[in-house]
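Read the figures in this text as sums done on the coordinates, not as results from a lab. Remember, predicted model here, so these are calculated numbers, not experimental data. Methodologically, a virtual Cβ is constructed for each residue, glycine included, from the backbone with ideal geometry; neighbour enumeration extends over all protein chains shown.
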Amino acid sequence: MSIGSKNSIRSILPGCAGSLFTALSYKEIPEFMQQLRNQPGIGAAALEFAILTAARSGEVRGALWPEINISERLWLIPADRMKAGREHRIPLSDAAIVILERMKEHHVSDLSFLAPNKTNRSRI
């Protein structure tokens, strides 16, 4: 697997089978993650974070800094943001912490993983 000429996240994702993406073989995951890590931009960081935390994309895009406790290595998603309506506690791996620290370095008060937030919330 290699990055396509477009140099985008889509170029390293597996092909689409109808409306569903085909799954990567577990043997391909390390190479995919390395290529993803080398992609520029917040979208690549958000996708890697979603993979590392097994979170839904909406949960990642809506993540707020007050939900993250780096010292306790925990992301606490409140029930009102969860599909099941229950609070969700996600332990953070070393790799997830690295992503958060990188996002915090470039943190602008209204910046989420994807784009500046129009409201005055402290998104990641």
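With each pseudo-label sitting 7 Å past Cα toward Cβ, what's the ILE29-GLU87 distance in nm, one decimal?
Each label point lies 7 Å from its Cα, and together they span 2.9 nm.
Once amide H atoms are placed 1.01 Å from N in the peptide plane, what residues at a sequence separation of 5 or more from LEU74, or on another chain, have their amide H within under 5 Å of its amide H?
ASN69, LEU92
Rank by packing, highest mean first: peptides 80-87, 54-61, 65-72, with packing defined as the count of other Cβ atoms within 10 Å averaged across residues.
The densest-packed peptide leads the list: 54-61, 65-72, 80-87.
With a/c under 1.5 counting as rounded, go ahead and sort region 48-104 into rounded, prolate or oblate using the C-alpha gyration tensor (a ≥ b ≥ c being the square roots of the eigenvalues; past the cut-off, prolate if a/b is larger than b/c, else oblate).
prolate
Can you work out the Karplus-derived ³J(HN,Hα) for every residue in region 64-79? Use 6.51 cos²θ - 1.76 cosθ + 1.60 with θ = phi - 60°, whole Hz, and x for glycine or proline.
10, 4, x, 7, 9, 10, 5, 5, 8, 6, 9, 10, 10, 8, x, 4
Lys and Arg at +1, Asp and Glu at -1: add these up for the other residues within a Cβ distance under 13 Å of MET82 and post the number.
Value of the local net charge: +1.
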